[in-house]
Amino acid sequence: MSDMHVPRGSSVRVGAVDGDLEVEGRATIEAEGVARVQGEVRCTGSVDVVGNLECREFRSEHGKVHIQGNLTVADRVATDEGELEVSGTFAARDVDVDRRLVLGGPATVETVEVGGRLEGASTLRAKEVSVGGHFTLAGKIEAHSVEAGGSVELHEVSLDDLEVGGMVHVGGGAVRHRIEVGGKFSSDEPITFGDFSVGGWAEFRGHASGQKIEVGGVLSARQDLAFASLEIGGMGDIHGNAAGRDVEIGGKFSVGGRLELTGSLEVGGMISVERELTAASIEVGGKLRAERAIVSGSVEVGGTIQTNAGLKARVIELGPRSRAVGPLVGGRVVLSRGARAEDVFGSTVELDRKCEARRIVAENIRLRESCTVEQIVFTGSLVMESGVTVRSPPQKVATLPPFPL
Amino acid sequence: MISERASGEPNARRREATDLYATVLEVVKRYHGAARITRVSYGAGMPVDRLRLLMDRLLALGLLQSEDVDGRPVFDITPRGQEFLDTYWKMRGFVEGLEGAPDRRAGGRR
């Protein structure tokens, strides 16, 4: 077995090498067809390779190695304090590059670890990709996991896991298990994922569908969003329809279409739904606004309920000094002290002190002191404490008129 | 890297000290307790001499911890460092959401 040595600054044509190939800085290797090295290629300093190179292992240090062709490495690629650029296709088992890896053509590797930047102009297939800084790829990526400390820009993705410290921009695709991003995530095309956790800001420009979505700051979805659970620390804005099980929002939440939930909705501040809102239960600290809201369980609102067609729930509770615009339809409807409502329908309606309502239609009604109601229709009992004002005489009827919703 | 100027985004702003701290912590975190300073320098896009000062500060603040492995220091993020990152990104999310998000109502959708 014979090794080959290429001195510094020289230009050498290389065909087949039985042993190792050692290349010093500023040298140029010209491949005769394909330069086939049975052993290891070792480059010290900057080296150009013109043509295709095949070897068992590839090592370089302190410089940039530019392969102007394909690079096929059976085992490992390692660059220490250096860069590697491959203009053509690239195949290797394990890749470890300290500073920068640039790939012009399709690449197939098992693991790739880059300390600084990984830049690809074509596709990448890998098991694991780990980049300390920035990772950008123009073609499709298929991998088990992608991990980066800084930022990532990808187009079509087919991944199991994506974990990035800073910012992520993807075209679209699938991340089957988990997306975890410290800073900002954005996607342009439809994307599906398992769990999704973003510390700062998330923006879906295409349809998005996932399981557990957690965003620390702000979520914006330009189209429809589907999820199992959605938890946002700050604000959420969905331009299309939203469907899922549970939603928990710290601040403000707005939906441009329908919001369909099979579980609970908890909003600290305000929620606005342009079309119908359905849920099993709702708890809103501030204001709830919707075209209509149908809730199988209870609704608690601290501030304002504003609907056009009305709100229907098994139990409706309005907080002290709250306000309801639009009909309230409940089994049981409770207005706390000083609350104001328009038309209220229910089997039981209770108004605490100093509440106001325009019309109450219910089986049983209880009005605490100093309440004011314009019209009352009931079938069962009507209890009024002192100081209650009813503008027209209460009507006891055999059957209540049909409730809205 | 997290530099927004480098990313070419509109409304790019200059990296401040907190941005640099977050950049370094995120890169260190990727190495799962085995971050060497040279690798962190490539990941954070920062020369080693400047990075060393910054990492000393992060160590002093308890956001990073280090130990010697084979005679060389390796770094890892601390729970306090992770807490810093969580807070930092959440705040960045709010700021970008408030300053950068287009107002949907301005488009006449409502």
Legend entry - Filter result for the condition that a residue is surrounded by fewer than 19 Cβ atoms within 10 Å (Cβ to Cβ), of a type in the set (D, E, K, R) and either under 17 Å from A:I271 (Cα atoms) or touching a residue at least 24 places away in the same chain (Cβ under 8 Å) (or both), over A:E363, A:E369: A:E363
Inset, instruction - Return a yes/no flag: does the range B:66-87 have any residue that is hydroxyl-bearing (S, T, Y) and away from chain A (no Cβ under 14 Å). - result: yes
Legend entry - Lone qualifier among A:I294, A:I282 - being surrounded by fewer than 24 Cβ atoms within 10 Å (Cβ to Cβ), farther than 20 Å from A:R358 by Cα and out of contact with any His (no Cβ under 8 Å at 6 or more places or on another chain): A:I294
Inset, instruction - Report, by residue number, each residue of the range B:29-55 that is under 13 Å from A:G115 (Cα atoms), in a helix (DSSP H, G or I) and not basic (K, R). - result: B:I37, B:T38, B:V40, B:S41, B:Y42, B:G43, B:A44
Inset, instruction - Considering only the range A:119-141, state which residues are within 14 Å of another protein chain (Cβ to nearest Cβ) and among the hydroxyl-bearing types (S, T, Y). - result: A:S130, A:T136
Legend entry - Complete set of residues in the range A:170-179 that are surrounded by fewer than 20 Cβ atoms within 10 Å (Cβ to Cβ) and in contact with an Asp or Glu (Cβ under 7 Å, 6 or more places away or on another chain): A:G171, A:G172, A:R176, A:H177, A:R178
Legend entry - Tally of residues being within 10 Å of another protein chain (Cβ to nearest Cβ), assigned to a strand (DSSP E or B) and surrounded by 24 or more Cβ atoms within 10 Å (Cβ to Cβ) across the range A:146-156: 2
Inset, instruction - May I ask you to verify whether A:E317 is at pLDDT 95 or above, more than 18 Å from A:L230 (Cα to Cα) and acidic (D, E)? - result: yes
Inset, instruction - Residues being more than 14 Å from every other protein chain (Cβ to nearest Cβ) and polar (S, T, N, Q): count how many of those fall in the range A:252-265. - result: 2
Inset, instruction - Would you be able to say whether some residue in the range B:45-59 is in contact (Cβ under 8 Å) with a residue 40 or more places away in the chain and either more than 14 Å from chain A (Cβ to nearest Cβ) or within 17 Å of A:E147 (Cβ to Cβ) (or both)? - result: no
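Name the single residue, out of those in the range A:271-320 being part of a strand (DSSP E or B) and among the polar types (S, T, N, Q), that is farthest from the other protein chains (Cβ to nearest Cβ). Show your work before the answer.
Residues of the range A:271-320 part of a strand (DSSP E or B): A:271-279, A:281-284, A:287-295, A:298-301, A:304-318.
Filter once more, keeping what is among the polar types (S, T, N, Q): A:272, A:278, A:281, A:298, A:304, A:306-308.
Working: A:S272: 9, A:T278: 21, A:S281: 27, A:S298: 29, A:T304: 18, A:Q306: 14, A:T307: 16, A:N308: 13 Å.
The extreme case among them is A:S298.
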Legend entry - Search result, residues across the range A:65-100 that are more than 22 Å from A:D18 (Cα to Cα) and within 14 Å of another protein chain (Cβ to nearest Cβ): A:T79, A:D80, A:E81, A:G82, A:E83, A:L84, A:D96, A:V97, A:D98, A:R99, A:R100
Inset, instruction - Could you figure out which of (1) more than 16 Å from A:I360 (Cβ to Cβ); (2) of a type outside the set (S, T, N, Q); (3) free of Cβ contacts under 8 Å to residues at least 24 places away in the same chain isn't true of A:L335? - result: (1)
Legend entry - From the options A:D160, A:D188, residue that is more than 17 Å from A:V129 (Cβ to Cβ) and either over 10 Å from the mean Cα position of the chain (by Cα) or buried (at least 19 other Cβ atoms within 10 Å of the Cβ) (or both): A:D188
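The values are calculated or read from the model by the stated rules, or taken from the named source; none is laboratory data. From a predicted model like this one, the values you see are computed outputs, not experimental measurements. Note: ideal-geometry Cβ built from the backbone for every residue, glycine included; neighbour counts use all protein chains shown.
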